[in-house]
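Novice: Pasting a structure here, questions to come.
The values are calculated or read from the model by the stated rules, or taken from the named source; none is laboratory data. Here the structure is a predicted model, which is why all the values come from computation and not from measurement. For neighbour counting, all protein chains shown are included, and Cβ atoms are generated from backbone atoms with ideal geometry for every residue, glycine included.
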Amino acid sequence: MNRPNENEYPVYYSNYINLVEDDDIISVLENQIDFVKKFFINISEEKSNFRYAEGKWTIKEVFGHVIDTERIFAYRALRISRNDKTPLPGYDQDLFVKNSNFKNVSLQNLVDEFISVRKSNLKMFKNFSSEMWLNIGTANEKLISVRAIAFILAGHLLHHLKVIEQKYMK
């Protein structure tokens, strides 16, 4: 699988896609499961509720946002892979986090949830034909391909783990 071309996604996703170093996106997505397990193993429940500044999300909220995004983008990939040309809506990430229950869910439960969601998405991605990966649809009023979505998911996770490391773990 090749990286998505720049015309397959909105420019604001370049930051995420550029974080993905390997073109074998299935392997990247698979390897991120173990990486997530190791990343969160030493973060205590107390620390997972930490905000580095007023109005910022907690570690659990950041990771919950990653899980929400994983689900939403996988749904987009499914619809687009099936050549559904219906424009798909965007979503308000702040509204999702505000109305979540992440504060009452253990960090380990969130890790387990991420793993379940990612494994499910991997099964879906592995079943796509080469043509399906190249399908382009509309999401949040912008054109996007299925393969771009897979790269965005991988890069989105990397981005937020880097934020947690730099802003929360000092």
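Novice: Which residue pairs have Cβ atoms closer than 6 Å, lie 6 or more positions apart in sequence or on different chains, and pair a first residue in segment 147-159 that is closer than 16 Å to Asp68 by Cβ with a second residue that is of a type in the set (Val, Ile, Thr) and at pLDDT below 95?
Specialist: Listed pairs, sorted by first residue: none to list.
Novice: Does Ile136 count as under 29 Å from Lys85 (Cα atoms), of a type in the set (A, V, I, L, M, F, W, C), at pLDDT 95 or above and surrounded by fewer than 21 Cβ atoms within 10 Å (Cβ to Cβ)?
Specialist: yes
Novice: Given the structure, is Ser129 of a type in the set (S, T, N, Q) and free of Cβ contacts under 8 Å to residues at least 40 places away in the same chain?
Specialist: Yes, satisfied.
Novice: Turning to a different aspect of this structure: Within the set of pairs 6 or more residues apart or between chains, which connect a residue that is farther than 12 Å from Gln108 by Cβ and of a type in the set (Asp, Glu) inside segment 36-62 to a residue that is modelled with pLDDT of 95 or more and buried (at least 19 other Cβ atoms within 10 Å of the Cβ) with Cβ atoms less than 6 Å apart?
Specialist: Glu61/Phe102
Novice: Looking at Ile152, Ile144, can you tell me which residue is outside any helix (DSSP H, G or I), under 16 Å from the mean Cα position of the chain (by Cα) and either surrounded by fewer than 17 Cβ atoms within 10 Å (Cβ to Cβ) or modelled with pLDDT of 95 or more (or both)?
Specialist: Exactly one of Ile152, Ile144 is outside any helix (DSSP H, G or I), under 16 Å from the mean Cα position of the chain (by Cα) and either surrounded by fewer than 17 Cβ atoms within 10 Å (Cβ to Cβ) or modelled with pLDDT of 95 or more (or both), namely Ile144.
Novice: Just checking, which of Asp94, Asp84 is in contact with a strand residue (DSSP E or B) (Cβ under 7 Å, 6 or more places away or on another chain), among the acidic types (Asp, Glu) and under 30 Å from Glu6 (Cα atoms)?
Specialist: Asp84
Novice: Right, next: Quickly run through segment 99-127 and pick out the residues that are more than 21 Å from Ile149 (Cβ to Cβ) and assigned to a helix (DSSP H, G or I).
Specialist: Phe102, Lys103, Asn104, Leu107, Gln108, Asn109, Leu110, Val111, Asp112
Novice: Which condition breaks for Lys167 when tested against (1) under 30 Å from Glu45 (Cβ atoms); (2) of a type in the set (Lys, Arg); (3) in contact with a Pro (Cβ under 8 Å, 6 or more places away or on another chain)?
Specialist: (3)
Novice: Suppose the filter is more than 22 Å from Gln166 (Cα to Cα), free of Cβ contacts under 8 Å to residues at least 40 places away in the same chain and assigned to a helix (DSSP H, G or I); does Phe96 pass it?
Specialist: So Phe96 fits the description; yes.
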